[in-house]
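Here's the structure, in structure tokens; my notes come after.
The values are calculated or read from the model by the stated rules, or taken from the named source; none is laboratory data. Nothing here was measured: the structure is a model prediction, and the numbers come from that model. We place every Cβ from the backbone using ideal geometry, glycine too, and count neighbours over all the protein chains shown. Remember, those area values only see protein heavy atoms, side chains included, never the ligands or the DNA or RNA. Shrake-Rupley method; radii C 1.70, N 1.55, O 1.52, S 1.80 Å.
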Amino acid sequence: AEIVDRQQQPHIPEIGQFAGNGSVVDDNLFGHLRLEPLPVDARLGEDLAHQRRDREAGGEIARRQIEADGHFFMPGGAELAQEIDRAQMDKVLAEFVEAAKRGDRAGFDILELHCAHGYLLASFLSPLTNTRTDEYGGSVENRLRYPLEVFNAVREVWPADKPMSVRLSCSDWAPGGITLDDVVEIARGFKQAGVDIVHCSSGETVKWQKPLWGRMWQTPFAEHVRQYVDIPTIAVGDITLGAQINTIVCDGRADLCALGRPHLNSPFFTRHAAGHYGVQVKHWPPQLASAQYQLYREAQKDNEKELDLAAKARPNRRHYRRADEAA
């Protein structure tokens, strides 16, 4: 994407703010973003979400003033948020719809509705942040009601030939939080509404969460939803190696893996993974084409070293010795 700024300052427009001609324009008219045709066979996705509960902006904390539950305390103080009413719910739903339309005009290929990590729709789903006593609180079916209303409205205007994803927090990592049974019912509800794939994340619902960190630590959520709901899933969370990705997908634990920090740490992560497996990358920018041979040569050397170390570290067991002698 090309960023053009009227004041010659770097600027990233807010998501969903597009002009009628397909360019992106922020509310303050600082700049606009044009989505140019990509030179490779790649796809662009739009992550559509209402503001998080608290967000740092310009060194200050911008706090959301509406919540699913008016009894939920605002972070950093004792001020109660305002419980969202029907009129506000209709307004937010309409804003989601308009943002989806703009995303389609801008050329995005997939839309993800963010219902995780403390965003407004997520606050309806978790029993920790939703203790409403009306038809939008209580049972998991009621807590799902408004997020499904938003999804159905967005799905209606999002082109049928373009997929939609929904991102869920599959655990609050806190007592009394959302359960796996809840998650199965929620994912099943979105599946019946027409979602194509479920992005399985977790946490960031409450400040007192205690997640169990580790390699591929959220992958079991994607596997659980995939098995019990029979829908494609996306695994995410400390997936840092190409071998981990292949293991997750080949073992049927998820259909896709989402990577964020690995690409930030190594912008050429995908090329290195391709080199490790000997997969020829079709699209090399002219500036990088001369490095192609070196990538595969060094990857082959690294693979040979790994195999040699694995052979030396293999236990000297009897059936291994017999296999070596037979060979």
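For the stretch 217-323, rounded, prolate or oblate, judged on the Cα gyration tensor with a ≥ b ≥ c (square roots of eigenvalues), a/c < 1.5 rounded, else prolate if a/b > b/c? Spell out each step's value before the answer.
Values: a/c = 2.41, a/b = 1.04, b/c = 2.31.
Taking the square roots of the gyration eigenvalues as a ≥ b ≥ c, the stretch 217-323 is oblate.
For a quick check of your reading of the filter: which trypsin sites (Lys or Arg not before Pro) in the stretch 218-327 sit in a DSSP loop and have no more than 13 other Cβ atoms within 10 Å? Walk me through the intermediate numbers first.
Values: sites: 226, 253, 271, 282, 297, 301, 305, 312, 317, 318, 321, 322; in loops: 253, 282, 317.
Answer by residue number: 282, 317.
Can you work out ³J(HN,Hα) from phi for every residue in the stretch 146-154, in order, using Karplus 6.51 cos²θ - 1.76 cosθ + 1.60 and θ = phi - 60°, giving whole Hz and x for Gly and Pro?
Result, rounded to whole Hz: 5, x, 5, 4, 5, 4, 4, 5, 5.
Any chance you could run the full-extension gain for residue 324 through residue 180? It's 0.36 nm times the residue separation minus the Cα-Cα distance, nm to one decimal.
Values: separation 144, 0.36 × 144 = 51.84 nm, distance 4.73 nm.
Result: 47.1 nm gained on full extension.
Using a ≥ b ≥ c from the Cα gyration tensor of the stretch 259-304 (square roots of the eigenvalues), is it rounded, prolate or oblate, where a/c under 1.5 gives rounded and otherwise the larger of a/b and b/c decides, a/b for prolate?
Numbers: a/c = 1.94, a/b = 1.14, b/c = 1.70.
Here the stretch 259-304 falls in the oblate category.
Please state the equivalent ellipsoid semi-axes for the stretch 123-178: what are the square roots of 5 times the Cα gyration tensor eigenvalues, largest first, in whole Å? List each step's numbers first, then the result.
Working: eigenvalues 128, 42, 7 Å².
They are 25, 15, 6 Å, listed from largest to smallest.
How do 319, 224 rank by accessible surface area computed with a 1.4 Å probe, from largest to smallest? Show your work: numbers first, answer last.
Values: 319 110, 224 45 Å².
Descending order: 319, 224.
Return the carbon/sulfur percentage of the accessible area of the stretch 264-327, one whole number, probe 1.4 Å, all protein chains in place.
On the way: 3000 of 5490 Å².
Whole-percent figure for carbon plus sulfur exposure: 55.
Count neighbours as other Cβ atoms within 10 Å of each site's Cβ, and list the chymotrypsin sites (Phe, Trp or Tyr not before Pro) in the stretch 151-210 that are DSSP loop with at most 13 such neighbours. Kindly include the intermediate steps, with their values, before the conclusion.
Values: sites: 151, 173, 190, 208; in loops: 173, 208.
Passing both the DSSP loop test and the Cβ count: 208.
Return one quarter of the surface area of the convex hull spanned by the alpha-carbon atoms of the stretch 284-327, equal to its mean projected area, in nm². If you can, show how the numbers build up before the last one.
Numbers: hull surface 17.3 nm².
Averaged projected hull area, Cα only: 4.3 nm².
At 1.4 Å probe radius, can you tell me the per residue accessible area of the stretch 75-186 in Å²? Walk me through the intermediate numbers first.
On the way: 4420 Å² over 112 residues.
It amounts to 39 Å² per residue over the stretch 75-186.
Hey, any idea what % of the stretch 155-226's accessible area is carbon plus sulfur with a 1.4 Å probe?
Values: 1780 of 3370 Å².
Roughly 53 percent of what the probe reaches on the stretch 155-226 is carbon or sulfur.
When the convex hull of the C-alpha atoms of the stretch 67-204 is computed, what volume per residue in Å³ does it have? Intermediate values should be presented prior to the final figure.
Numbers: hull volume 15.2 nm³, N = 138.
Taking the convex hull of the Cα positions in the stretch 67-204, it is 110 Å³ per residue.
For the stretch 130-240, count the residues as N, evaluate 2.2 N^0.38 Å, and divide the Cα radius of gyration by that value, please.
Details: Rg = 14.4 Å, N = 111, 2.2 N^0.38 = 13.2 Å.
The value comes to 1.09.
Starting from the Cα gyration tensor of the stretch 153-307, take the square roots of the eigenvalues, sort them a ≥ b ≥ c, and report rounded, prolate or oblate (rounded when a/c is under 1.5, otherwise prolate if a/b is larger than b/c, else oblate).
Working: a/c = 2.42, a/b = 1.69, b/c = 1.43.
Note, shape of the stretch 153-307 comes out prolate.
Contour minus end-to-end for residue 241 and residue 88, with contour as 0.36 nm per residue of separation and end-to-end as the Cα-Cα distance? Don't jump to the answer; show the numbers that get you there.
Working: separation 153, 0.36 × 153 = 55.08 nm, distance 4.37 nm.
Length difference between fully extended and current span is 50.7 nm.
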